[in-house]
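Encoded as structure tokens, the structure appears first; notes follow it.
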Amino acid sequence: MAHLAEALEPGLADSLVAAIEKGQWVPVGGWWVESDLNVPSGESLVRQGLYGQRYFERRFGRRSQVAWTPDCFGYPWTIPQILKDAGLDYFVTQKIRWNDSTEFPHNAFYWEGRDGTRVLTYNPYGYEHNLDPSRLAAERLEDWERTGSNHQLVLYGVGDHGGGPTIEMLRRAEDLRRVPTFPAMVYDRPLEALQAVRSSEPPPGYPVWQDELYLEYHRGTYTTQARTKWRNRRSEAMLQTAEALATVASSPYPRDQLEHAWRLVLFNQFHDILPGSGIREVYEDAEVFFDSAWAIIDSVTLASFRDLRSRMDTRGSRQPIVVFNPLGWSRGGSFSLPAAGDSIRLSASDVPVVAARHDVQG
């Protein structure tokens, strides 16, 4: 959002930065967008944190310590390690409360990844609390019974598509703050609130969750809008190939071009684009973003191939063919060549001569 404002409405972006400096606006998240977490590759999720945190540091003068993903459609078991490596020490989501079958048992807990990395995670009672006193009291009691902590994080406001708190909510909060028998209420920033949750951890410790956070609600997120999912996966593979080729080429590394291509792809991984929950116009725009990214990737890849070809010794070959493996390990596989007559003979170092015949069926 901030990057788009900077590009489209510079005055608005400057106002946002001024509000952050005054403490009126608190940037959280640290990712390029609130990405879908099920479909993208691990490398893409790492880039979400890399480019997001770099932007936070450049534009806001700080990095986020709080991963803020209240609306993603489920969370794989690899996320704690990725968050920690991006400098994100806390994780907030409320989406898992949307389960239609199994009630998630924890509010405050440590989410432990497959590698043993732990992130303090908080699962509040929704992201659009109206601060109704009866609801607050019931939730405070349940939170105490579940966690044993005397600190609870409440996300109040209109929430999804609606913005922040209404005047009525603020008045209600002020009224409740003056009631001596009601639990104390404090306006706080996410980081400070989560630090308070950590500091009030009871002696037995918060529970540890060792699994994915599977959302039993939104279905079809692996299948809907299949073309967008296919283009995303192709983009991820193409970017990896382009980066590997550009690394071994002798020309200057096209960092700005590749980063721009990555950002276009990362934007299309937004949690209401890639899962398939957007309207038609969303996917029309996504096609434009993919087209722009692919044009950059193709340009970088072709330039790198030309550079590598110019430095290869292909003497003694009738028609040299270069096959490049962009991965960091050996691999097997197949590749295709345009037909050159009825038959073809291929030879390579340490590989026996292979003969093939081209029939009328191709």
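Values quoted throughout were computed directly from the atomic coordinates according to the rules given, and no laboratory measurement underlies them. Given the structure is predicted, the values throughout are model-derived calculations rather than measurements. Cβ atoms come from the backbone with ideal geometry, glycine included; neighbour counts cover every protein chain shown.
See the values below:
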item: Percent antiparallel among DSSP beta bridges (both partners in the range 64-209, rounded to 5); result: 40
item: Nearest-ten-degree value, helix 226-248 long axis tilted from longest Cα axis of the chain; result: 60
item: Distance between modelled label sites at Thr223 and Glu57, nm, 7 Å Cα→Cβ extension; result: 4.3
item: Crossing angle, helix 190-199 versus the chain [Cα axis fit, 0-90 degrees, rounded to tens]; result: 70
item: Separation of the Asp307 and Glu201 label points, Cα + 7 Å toward Cβ, nm; result: 4.7
item: Residues Tyr156, Tyr222 arranged by fewest to most Cβ contacts within 10 Å; result: Tyr222, Tyr156
item: Largest-first principal axis extents of the Cα set of the range 190-293 (Å); result: 58, 39, 25
item: Sorted by Cβ neighbour density within 10 Å, fewest at the top, the residues Met312, Met238; result: Met312, Met238
item: Cα lying deepest toward the dipole's positive end in the chain, options Leu258, Ala196, Val39, charges on Cβ; result: Leu258
item: Peptide ranges 228-235, 89-96, 171-178 listed from the most packed, as the mean C-beta count within 10 angstrom indicates; result: 89-96, 228-235, 171-178
item: Crossing angle, helix 42-55 versus the chain [Cα axis fit, 0-90 degrees, rounded to tens]; result: 60
item: Sum of side-chain charges, Ala13 neighbourhood, beta-carbon under 10 Å (Lys, Arg +1; Asp, Glu -1); result: -2
item: Linear extension gain, Val158 paired with Arg234, 0.36 nm per residue minus alpha-carbon span; result: 23.6 nm
item: Pairwise label distance in nanometres, Leu191 with Glu259, each label 7 Å out on the Cα-Cβ vector; result: 2.2
item: Ranked Tyr253, Tyr206, Tyr122, criterion: other C-beta atoms within 10 Å, fewest first; result: Tyr253, Tyr206, Tyr122
item: Identified option (computed semi-axes √(5λ) of the Cα gyration tensor in Å; candidates [x] 48, 36, 18; [y] 59, 26, 17; [z] 50, 22, 19); result: [z]
item: Computed over the chain: relative contact order in percent, which uses C-alpha pairs under 8 Å that are six or more apart; result: 16
